[in-house]
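Written out below as structure tokens is the structure these notes cover.
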Protein chains: 2
Amino acid sequence: MDRIDLLPELWGAPEFTLDREHARHLVKSLRARPGDRFLATDGAGREATLEVISIDARDARVRVVEERRVPPGAGASVTLAVAPPKGDRMDVAIEKACEIGVGRIVPVTAARSVVRTAPDSARLERWRRIARSAMVQSAQSYAARIEEPASFDAFLTEVRAPAGDAPPRLLLAHPAPDALSVGAALAGRPASSPIALLIGPEGGFTDDEVDRARLAGAALVSLGSTRLRTETAAVVAAALALEALRRAAS
Amino acid sequence: MDRIDLLPELWGAPEFTLDREHARHLVKSLRARPGDRFLATDGAGREATLEVISIDARDARVRVVEERRVPPGAGASVTLAVAPPKGDRMDVAIEKACEIGVGRIVPVTAARSVVRTAPDSARLERWRRIARSAMVQSAQSYAARIEEPASFDAFLTEVRAPAGDAPPRLLLAHPAPDALSVGAALAGRPASSPIALLIGPEGGFTDDEVDRARLAGAALVSLGSTRLRTETAAVVAAALALEALRRAAS
């Protein structure tokens with residue numbers, strides 16, 4: 001069944017009318033006709049089978065056939081903080097990390113950041129659209145939260161004093177002699193315990209940043225023996241962390 | 001020290017003249033001047049420190065300061081076979097898998113391939129350029145080999161009767177109930193033993209292909225609980241396989 005992304009404010013029950021954008025998507029991309037069913041999610045765990053009652057290029061009226069709550073996936077407790085690389089390379093990091101299933105992405109500004117200015121609201125908006133589209137693409141019911149940009153130190157502070165009860169295990173991707181593998185750094189952690197992965201800019205973290213991260217309780221992790229671009233490092237770190245969580249859960 | 005990619009046929013010793021393309025790269029991108037040194041690799045494990053003797057926009061004369069052989073990395077024994085996705089998404093798979101360090105990439109045509117025609121020579125040439133550029137970018141001395149396209153069955157046959165002595169461990173990315181994690185499928189393997197990862201098209205492998213792969217000795221592996229795009233699956237599989245090999249080596 002085809003999936004669609006339906007923002008929370010667009011839901012109604014037992015019957016409701018979709019906005020023009022969704023109607024167009026249903027007609028043009030999914031070639032939907034009355035009687036067709038599809039799966040809608042609000043990006044926060046709500047999922048419903050909807051059936052098309054009537055549809056034209058501007059309006060689509062649907063009814064809720066069945067609705068359910070989907071439990072969060074293994075990656076819901078994973079925060080990925082990344083110093084955004086140039087151009088559209090951050091788009092790749094966000095799309096892939098969201099497909100893999102991380103729960104939260106934080107754009108971080110580090111000392112060697114190539115992009116010196118924090119992303120503006122248009123860029124954040126774009127990343128949020130990518131996150132929601134990756135959710136649909138990868139058949140998930142939760143969209144990763146794309147947070148407001150933070151400085152390196154603000155992120156460390158947030159990680160040390162989280163809103164929840166347990167501070168996450170903070171992993172800093174940095175090729176130090178004592179760096180652990182992601183699997184080793186997460187060994188023995190319960191599957192749902194929070195994790196934060198911090199990925200630096202192209203030039204890496206400064207010694208000073210590494211020291212501050214260590215003081216904040218970070219473990220240094222290696223993502224392999226090759227030098228990875230920032231967006232590649234983000235995707236690799238997400239994949240390895242999720243694999244470690246799955247191992248912990250099994 | 002900046003790195004450059006120097007195809008085997010361009011090498012000379014103890015002094016030689018670079019072709020126009022490299023001279024331009026040195027002048028424009030690296031702003032090289034006489035006396036500057038950089039690291040050159042031929043993509044097959046040969047690495048040298050070169051010093052610029054003279055340079056202008058058209059010619060660069062260099063001398064070999066020191067030359068060495070670099071041993072192959074952990075990923076040299078990893079073959080990644082991928083059913084190419086549409087548009088430039090295969091470029092992403094190749095760039096990222098090469099950064100991570102796989103040794104060989106084979107474009108494979110499967111029953112549900114979205115791209116029905118095998119990639120033409122221009123596309124292969126483009127992928128080979130991406131592989132060499134990713135090698136330089138990721139500070140490696142070996143470029144992944146981008147092989148000629150193969151059908152699904154031809155690839156299975158090649159894997160069963162390899163040119164070397166030991167057939168590789170074949171992992172088919174497929175969400176079957178008995179699918180293993182990549183780590184579990186590779187547990188206990190020696191670090192340098194060959195591995196082949198087979199990643200299907202967007203619609204997945206057919207039951208028939210899965211059966212044929214099983215007969216060829218493939219283990220089915222899961223890359224997580226989310227549905228990954230082909231290029232994301234390729235990158236995730238490469239990252240998990242390399243991590244498993246590093247674990248075996250340590």
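The values are calculated or read from the model by the stated rules, or taken from the named source; none is laboratory data. Since the model is a prediction, treat every value here as computed from it, not as a measurement. Glycine also receives a Cβ, built like all others from the backbone with ideal geometry; neighbour counts cover every protein chain displayed. Side chains included, ligands, DNA and RNA excluded: accessible areas come from the protein's heavy atoms. Shrake-Rupley method; radii C 1.70, N 1.55, O 1.52, S 1.80 Å.
So the values come out like this:
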read-out	value
Matching residues in the stretch B:171-185 - criterion: being surrounded by fewer than 18 Cβ atoms within 10 Å (Cβ to Cβ), within 11 Å of chain A (Cβ to nearest Cβ), in contact (Cβ under 8 Å) with a residue 40 or more places away in the chain and more than 18 Å from B:Ala83 (Cβ to Cβ)	B:Leu180
Single unsatisfied condition, B:Ser225 versus (1) closer than 16 Å to A:Lys96 by Cβ; (2) facing another protein chain (nearest Cβ under 10 Å); (3) assigned to a helix (DSSP H, G or I)	(3)
Yes/no for B:Glu231 being within 11 Å of chain A (Cβ to nearest Cβ), within 19 Å of B:Phe152 (Cα to Cα) and open to solvent by 60 Å² or more (accessible area, probe 1.4 Å)	no
Residues of the stretch A:35-58 satisfying the condition of being in contact with a strand residue (DSSP E or B) (Cβ under 9 Å, 6 or more places away or on another chain) and open to solvent by 80 Å² or more (accessible area, probe 1.4 Å)	A:Arg37
Close pairs from the stretch B:133-153: first closer than 20 Å to A:Leu228 by Cβ and more than 14 Å from chain A (Cβ to nearest Cβ), partner open to solvent by less than 10 Å² (accessible area, probe 1.4 Å) and aliphatic (A, V, I, L, M), Cβ under 9 Å, at least 6 apart	B:Ile146/B:Ile94; B:Ile146/B:Ile105; B:Ile146/B:Val106; B:Ile146/B:Leu124; B:Ile146/B:Ala131
Breaking point among (1) at pLDDT 95 or above; (2) within 14 Å of chain B (Cβ to nearest Cβ); (3) farther than 25 Å from A:Glu95 by Cβ, for A:Ala239	(3)
Answer from A:Ser192, A:Ser250 - the residue that is loosely packed, with under 14 Cβ neighbours inside 10 Å, in contact (Cβ under 8 Å) with a residue 60 or more places away in the chain and either closer than 29 Å to B:Ala187 by Cα or of a type in the set (A, V, I, L, M, F, W, C) (or both)	A:Ser192
Set A:Val136, A:Val115, A:Val78, A:Val92: member being aliphatic (A, V, I, L, M) and either touching a Cys at 6+ places or on another chain (Cβ under 7 Å) or over 30 Å from A:Arg212 (Cα atoms) (or both)	A:Val136
Any hit, the stretch A:154-171, residues being modelled with pLDDT of 90 or more, over 21 Å from the mean Cα position of the chain (by Cα) and under 22 Å from A:Ala219 (Cβ atoms)	no
Scope the stretch B:67-98; condition surrounded by fewer than 22 Cβ atoms within 10 Å (Cβ to Cβ) and in a strand (DSSP E or B); matching residues	B:Glu67, B:Arg68, B:Arg69
Residue in the stretch A:200-215 that is without any contact (Cβ under 8 Å) to a residue 40 or more places away in the chain, assigned to a loop (DSSP other than H, G, I, E, B), open to solvent by 40 Å² or more (accessible area, probe 1.4 Å) and within 14 Å of another protein chain (Cβ to nearest Cβ) present	no
